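**Q** Below you will find the structure I want to go over with you.
The values are calculated or read from the model by the stated rules, or taken from the named source; none is laboratory data. These numbers come from a predicted model, not from an experiment. Here the Cβ positions follow ideal geometry from the backbone for every residue, glycine too, while neighbour counts run over all protein chains shown. Ligands, DNA and RNA are excluded from the accessible area calculation, which covers all protein heavy atoms including side chains. Shrake-Rupley method; radii C 1.70, N 1.55, O 1.52, S 1.80 Å.
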Amino acid sequence: MAKRDYYEVLGVNRDASDADLKGAYRKLAMKWHPDRNPDNPKAEDHFKEAKEAYEVLTDAQKRAAYDQFGHAGIDPHAAGAAGMGGFGDIFSDIFGEIFGGGRGNRSTVFRGADLRYNLEVTLEQAAKGFETKIRIPAMSACATCKGTGARPGTQPSTCPSCRGAGQVRISQGPFSIAQACPRCHGSGSIIPNPCAACSGTGRTKLHKTLAVKIPAGVDEGDRVRLSGEGEPGVNGGPPGDLYVQVHIKPHAVFTRDHDDLHCEMPISITAAALGGEIVIPTLDGTARIRVPAETQSGKVFRLKAKGIKGVRSHAAGDLFCHVVVETPVSLTEKQRQLLREFEAISQQYSARHNPRAKGWLDKVKEFFES
């Protein structure tokens with residue numbers, strides 16, 4: 001199974017600092033440590049995956065190689081991985097056989113890698129949509145060598161082993177097999193004098209600012225694709241895409257369940273017993289709810305169409321208000337005395353005033369007598 005992107009494993013952006021990496025790794029290590037998950041056989045795999053990602057991304061040299069060439073850039077078995085002689089070296093092991101045939105005298109063309117950017121948004125922003133700008137690290141054609149990878153004043157040379165074909169044929173008995181040229185690794189050319197600015201890769205790292213439009217109704221994990229804003233292609237190949245992945249921040253009042261919203265609505269004992277009208281917040285302002293007399297804790301009031309209209313929804317969800325009857329605290333002596341009088345009166349007619357309590361006591365009595 002293909003390895004996951006290291007930044008995705010740790011849940012950080014590609015420009016994450018060492019402190020961000022350390023914090024993300026510590027959380028995952030605590031979560032997946034085998035000693036804390038003795039009954040989960042997959043925990044050890046998750047733990048090792050996070051550890052591997054952390055060790056690579058906190059090593060400046062390995063991280064630079066990974067940012068430029070992906071997993072192949074740090075694979076000790078990949079041709080040229082240790083010396084980082086050029087991107088032809090890195091990609092040949094992966095794509096040589098796939099793109100090895102029918103190339104003629106053309107260099108191998110590769111599509112650029114896709115990138116991911118984690119964007120945190122508020123619930124209000126997710127509901128209404130908005131536009132923002134993000135700053136991301138990117139690779140660009142080297143300004144010194146104009147993307148050729150060769151030192152200024154020089155040019156890449158045709159590979160003498162394959163004469164520019166990018167492939168050679170090896171005879172094995174009655175069979176003749178075509179494979180990527182081991183000298184140029186399928187590119188068809190070599191760079192005798194690498195550019196000092198880009199070490200012969202033809203690309204340098206920079207930062208760019210992009211405008212992103214987040215549509216109304218996005219939910220946790222939704223992605224917005226920016227076509228062509230990923231890594232540039234190799235040898236004239238098309239660029240990859242950038243995926244902006246949405247993460248919604250916790251809200252102080254509401255929790256989201258797809259298109260519906262939920263909130264707790266604390267009310268006093270007297271309001272629950274006597275009833276009344278209360279004001280509650282919504283994403284569009286405030287709304288009024290009529291609380292009937294004798295309302296119990298846990299009752300749910302539903303406000304239609306006061307939730308969120310999802311990206312793929314035809315109508316807005318609902319808002320569910322969950323009643324929580326709050327016991328008063330920090331009572332004065334007078335309040336205590338009044339409550340004692342109230343309790344004394346209520347005890348005379350407990351079955352009438354506390355039917356649920358009486359029913360529960362009857363069940364307990366039956367339990368012990370059976």
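**Q** Heavy-atom accessible area per residue, the stretch 130-261, 1.4 Å probe: how many Å²?
**A** Here the residues of the stretch 130-261 average 54 Å² of exposed surface.
**Q** Express the relative contact order of the stretch 161-221 as a whole percentage, based on alpha carbon pairs under 8 Å and six or more residues apart in sequence.
**A** 23
**Q** Now for a different question. Quick one: check the C-alpha center-to-center distance for the stretch 33-59 versus the stretch 138-169, whole angstrom.
**A** 40
**Q** With unit charges on the beta carbons (Lys and Arg positive, Asp and Glu negative) and the dipole taken about the Cα centre of the stretch 242-310, which residue among TYR243, HIS258, PHE301 sits farthest to the positive side?
**A** Farthest along the dipole direction, towards plus: TYR243.
**Q** While we're here: Express the carbon and sulfur contribution to the solvent-accessible surface of the stretch 109-232 as a percent, rounded to the nearest whole number, probe 1.4 angstrom.
**A** 49
**Q** Roll a 1.4 angstrom probe over the protein heavy atoms and tell me the percent of accessible area of the stretch 252-316 that is carbon or sulfur.
**A** Reported share for carbon and sulfur atoms: 51 percent.
**Q** With a cap of 16 neighbouring Cβ atoms within 10 Å, and only residues DSSP puts in a loop, list the trypsin sites (Lys or Arg not before Pro) found in the stretch 181-286.
**A** Within the stretch 181-286, the qualifying trypsin sites (Lys or Arg not before Pro) (loop, at most 16 other Cβ atoms within 10 Å) are ARG183.
**Q** Taking K and R as +1 and D and E as -1, what net charge do the other residues with C-beta under 15 Å from the C-beta of ARG36 add up to?
**A** +2
**Q** Now, a different point. Where nothing but the Cβ of Lys and Arg (+1) and of Asp and Glu (-1) is charged, how large is the charge dipole of the stretch 240-286 around its Cα centre, in debye to the nearest 20?
**A** Working: 2 positive and 7 negative charges, 41 e Å.
Dipole about the Cα centre, nearest 20: 200 debye.
**Q** When Lys and Arg each count +1 and Asp and Glu each count -1, what net charge do the other residues less than 10 Å away from HIS322, Cβ to Cβ, add up to? Intermediate values should be presented prior to the final figure.
**A** Details: positive: LYS299; negative: GLU264.
With Lys, Arg at +1 and Asp, Glu at -1, the net is 0.
**Q** Rank by packing, highest mean first: peptides 144-152, 297-305, 36-44, with packing defined as the count of other Cβ atoms within 10 Å averaged across residues.
**A** 144-152, 297-305, 36-44
**Q** Add +1 for every Lys or Arg and -1 for every Asp or Glu among the other residues with Cβ under 14 Å from the Cβ of VAL279, and state the total. Walk me through the intermediate numbers first.
**A** Numbers: positive: ARG288, ARG290, LYS306; negative: GLU277, ASP284.
Taking every Cβ under 14 Å from that of VAL279, the sum is +1.
**Q** Please state the relative contact order of the stretch 247-347 as a whole percent: Cα pairs under 8 Å, 6+ residues apart?
**A** Answer for the stretch 247-347 is 29 percent.
**Q** To continue, here is another question. Of LYS213/LYS309; LYS133/LYS208; LYS22/LYS62; LYS133/LYS309, which sit over 19 Å apart, Cα to Cα?
**A** Over 19 Å apart, Cα to Cα: LYS133/LYS309.
**Q** Averaging sequence separations of C-alpha pairs under 8 Å and six or more residues apart, then dividing by the length of the stretch 153-293, give the relative contact order as a whole percent.
**A** Rounded, it is 12 percent for the stretch 153-293.
**Q** Would you work out if the stretch 230-274 is rounded, prolate or oblate? Take a ≥ b ≥ c from the square roots of the eigenvalues of the alpha-carbon gyration tensor; rounded if a/c is under 1.5, else prolate when a/b is larger than b/c, oblate otherwise.
**A** Since a/c reaches 1.5 and a/b is larger than b/c, the shape of the stretch 230-274 is classed as prolate.
**Q** At a 10 angstrom cut-off on C-beta neighbours, averaged per residue, how do the peptides 189-199, 284-294 rank from highest to lowest?
**A** Highest mean packing first, the order is 189-199, 284-294.
**Q** Let me ask you something else. Under the rule a/c < 1.5 gives rounded, and otherwise a/b versus b/c splits prolate from oblate, where does the stretch 110-195 land using the Cα gyration tensor?
**A** oblate
**Q** Around ALA150, which amide H atoms from residues at least 5 apart in sequence, or from another chain, sit under 5 Å from its own amide H, with H modelled in the peptide plane?
**A** Amide H to amide H, under 5 Å and 5 or more residues apart or across chains, ALA150 pairs with CYS195.
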